[in-house]
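Bear in mind that the values in this text are calculations on the coordinates, not laboratory data. Since the model is a prediction, treat every value here as computed from it, not as a measurement. No Cβ is skipped: glycine too gets one built from the backbone with ideal geometry, and neighbour counts run over all protein chains shown.
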Amino acid sequence: MLTPPEEFVGKCRKLRNRIEDERKSSSFTCGGTITIQGHGGEQKEAEETSLHSSPSLNLFWKTAGKTSAEKLTLPITGTGDSTAARLQQLVQDCSPATFGVGSKDILDPDYRRAGKLDADSFASTFHPADFGILESIQQVLLPSISSDLENRLPFRKLTADLYKMNVYSGPAGLFRRHVDTPRSSKQIGSLVVCLPSEFSGGQLIVRHHGKTVSFDWSSSSGSTIQWAAFYSDCEHEIEQISTGHRITLTYNLVVSEPGYCDLPSPVVDPKSLPLYAMLKDMVAKPGALDKGGVLGVFCSHAYAHSSTTAEHSLPQILKGSDLVLYSVFKSLGLQVNVLPVREADGFYHTENPQMDIGGRTHPKRDKYAIDEYEDSLGYATKRYWPFYRLPGVFWLTEPKQEEMAFSYLAYGNESSVETMYSCAAIFAVIPPLEKRHGEKWKLLVQE
């Protein structure tokens, strides 16, 4: 096993701390407000209203057994009985909202008390693309990071797929702490749009890696459209509604196929990021990894890395600090890959052990029978999850997120179902010192 110099081990420990700081400071959620024309202050200039304000919006819905659709205009401006009746009709026409546990949908009013309409049962005149919301989310949660054309990740664009309408009503509507289940391997987050309907309470609390952001929409709920977006692996909750009806549209945020767009995209130069200087010092100068090696960083965010499309969706769907690290590695001219690592017992030290690394992202597999005379774990892994042992990996972080790799039936005195998990990790290959040549490396040393 390669034994690293003590100086290099010390640098790895400092780099580990810097990576964790980057993860803590990375944005994981964002939000905004759209005023309703004629509400909440003076009317804006005409050229501004398309992005910053909206006309009143209409909701249409139809449930089984009805011959015509219902219509509700928001915000509610009058006090007539017919308007109140239409709002109450919407509440009554909603089905009780469930929540997912594994592959099951659970109905438990103590955990979630809300109504819902599926996307095929309603329509609205509100569309996020009309107000620049997706572009705003892309800037914060899915930025383009580039130093030059050669090392750039292709421009990544978000689409918002309408998923559900939810109504949380006072005095008991709520949704306790949970993490959303991604609906596709390319989904990176969720967008929640709160429509103009007056209510009190019901704060949206979003948490990630020990940080908390609170969205309190109640004070302006009757006259504005308010929205929040967050990564799929963020824990969040909706506190109890005190009065009124909190009406929201939920969209799945999905990364579209890489390409280029006519709209300007904010670009961050990796050289401006704090991690760049530390990594450059490690890879561009002699004295640390003169014989070459591999830096390994376990991904901070959850990805569907064991899905059938992961081989094509990664690294395009990298988020937050994972995107920052990938881009910094690429800007240093290193070979970078995102690969699965099979779970291993023990602590992942920087000077640590060889582990099973998948040659590519593997779709998860279910329940293979293993003969009782075989080495069950070794046999199943080699046959159904091809891997290799890579010496000289210096792990800078510990595993954060796991996904099922495969499960199998193991037979001995008694049969049992065993499950193997894997974690996604970013690998940066650093060549030996004598192979670090060419203009790219010279420029790095001279910086």
* Structure fact -> Flagged as over-length at 23 Å C-alpha distance, from Lys157/Lys330; Lys271/Lys291; Lys186/Lys319; Lys330/Lys435; Lys271/Lys330, the pairs are Lys271/Lys291
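Decide, for the range 29-255, between rounded, prolate and oblate: order the square roots of the alpha carbon gyration tensor eigenvalues as a ≥ b ≥ c, take rounded if a/c falls under 1.5, and otherwise choose prolate if a/b is larger than b/c, else oblate.
On the way: a/c = 1.68, a/b = 1.24, b/c = 1.35.
It is oblate, given that a/c is not under 1.5 and a/b is not larger than b/c.
Taking other Cβ within 10 Å of each residue's Cβ, how do Thr33, Thr212, Thr67 sort, fewest first?
Lowest to highest Cβ neighbour count: Thr67, Thr212, Thr33.
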* **Gain on full stretching of the segment that runs from Thr243 to Ser214 - 0.36 nm per residue minus C-alpha separation** => 8.5 nm
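For Met282, Met165, which order do you get if you count the other beta carbons within 10 Å of each Cβ and list the fewest first?
Fewest to most other Cβ atoms nearby, the residues stand as Met282, Met165.
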* To the nearest 0.05, what FRET efficiency results for Thr67 and Asp130 with a Förster distance of 30 Å applied to their C-beta separation? -> 0.45
* Please list 170-182, 221-233 highest first by mean number of surrounding beta-carbon atoms within 10 Å per residue. => 221-233, 170-182
* Express in nm, to one decimal, how much length is gained between Ile106 and Met278 on full extension, taking 0.36 nm for each residue of separation and deducting their alpha carbon distance. => 57.1 nm
* Roughly what % antiparallel, to the nearest 5, for the DSSP beta bridges in the range 29-255? -> 95
* **Least to most buried among Asp105, Asp21 (fewest other Cβ within 10 Å first)** => Asp105, Asp21
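So what is the relative contact order of the range 29-255, in percent, for Cα pairs below 8 Å that sit 6 or more residues apart?
Over the range 29-255, the number comes to 25 percent.
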